[in-house]
Amino acid sequence: MKKIGLFFGSFNPIHIGHLILANYILENSDMDELWFVVSPQNPFKDKKSLLTDHNRLDMVQLAVKNYPKMRASNVEFSLPKPSYTIDTLTYLKEKYPNYSFALIMGEDNLDSLPKWKNAEKLMSDYQIIVYPRTFEGGTSTSLSVSKIKNQENINIINAPIIELSATEIRNMIKEGKNVRPILPPEVFEYLDGSSFYK
C-alpha cells in the first residue's frame, strides 16, 4: 500500500521552508510521496492578499517539478467549501483505495485539533505527523495538547524549525526587497515577472 503524506496549506507563496520540511519528512519516514494540498480560498476569510487558487497551484507545481516524490494537489478545489480536513481525507480514501494517507501539521495546530470537525475520527483513523514550530507563547504545554501528543497515531518528528513565513515574504515583495534566496528558483521567476503581492 502506497503511503502518502498530505501537507495542507494556502502556499501563498510556497517557499524553501516548505520544501526543506517536505524533504525531511520523506527522507525520515516511510512515506512514498508527499502531496502539497493547496487550500482554496476560505469564503469567510479576508482574501485580499491571497492569490487565486490556480496561481498558488501553479507555484507549487513549479516548486516540486524536480522532486519525484512530491506532488501538487488541487483536490480541495472541487470539494464543498469551506474544506474540512476529514471530508478531504474521506474523499481521497474513496478515490485511492490502495493508498494510505497521513496528515502533516505544525505543532501550533495541536491546540485547536480537538475542535476540528470529527476530530476523534481524524485522530483514530489517520496517522498525524507533527513538525515542531515556534509560536506565540513558546511551546504549548496545555493539558489537551499533552493528551493529544500521547495518542497512538500522533507522531512528533524532530524536523528542523524553519523560521520563514509567507506573510513576511509577501511584505518583503511589497517593499521591493530581495526574496530570491528564500523561494524555489522557479517560483521566484514566476513572481518576478508578475505584479503579485506588490
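The values are calculated or read from the model by the stated rules, or taken from the named source; none is laboratory data. Computed from a predicted structure; not experimentally measured. Neighbour counts are summed over all protein chains in view; Cβ atoms, including those assigned to glycine, are modelled from backbone coordinates with ideal geometry. Each accessible area value is taken on the protein alone, full model and side chains, heavy atoms only, with ligands, DNA and RNA left out. Shrake-Rupley method; radii C 1.70, N 1.55, O 1.52, S 1.80 Å.
Could you check how much of the accessible area of segment 1-97 is carbon and sulfur, as a whole percent, using a 1.4 Å probe?
In segment 1-97, the share of accessible area belonging to carbon and sulfur is 51 percent.
Can you give the convex hull volume of the alpha carbon atoms of segment 1-112 per residue, in Å³?
114
Calculate the length of the line joining the C-alpha centroid of segment 70-124 to that of segment 161-196, in whole Å.
28
Estimate the FRET efficiency between ASP111 and SER194 by the formula 1/(1 + (r/R0)^6), using the beta-carbon distance for r and 35 Å for R0, to the nearest 0.05.
Calculated value: 0.45.
For ILE128, enumerate residues with amide H under 5 Å from its amide H, sequence gap 5+ or separate chain, H modeled in the peptide plane.
LEU103, ILE154, ASN155
Under a GNM of the chain (C-alpha, springs under 10 Å), which listed residue has the highest mean-square fluctuation: GLY17, GLY176, GLY106?
GLY176
Scan (1) -0.31, -0.87, -1.27; (2) -0.28, -0.79, -1.18; (3) -0.27, -0.86, -1.42 for the value of log10 I(q)/I(0) by the Debye sum over Cα atoms at q = 0.08, 0.14, 0.18 Å⁻¹ calculated from this model and give just the label.
(3)
Just to be sure I understand: with springs between alpha-carbon atoms less than 10 Å apart, which residue in PRO114, PRO40, PRO184 has the highest mean-square fluctuation in the Gaussian network model of the chain?
Comparing PRO114, PRO40, PRO184 in a Gaussian network model of the chain, the most mobile one is PRO114.
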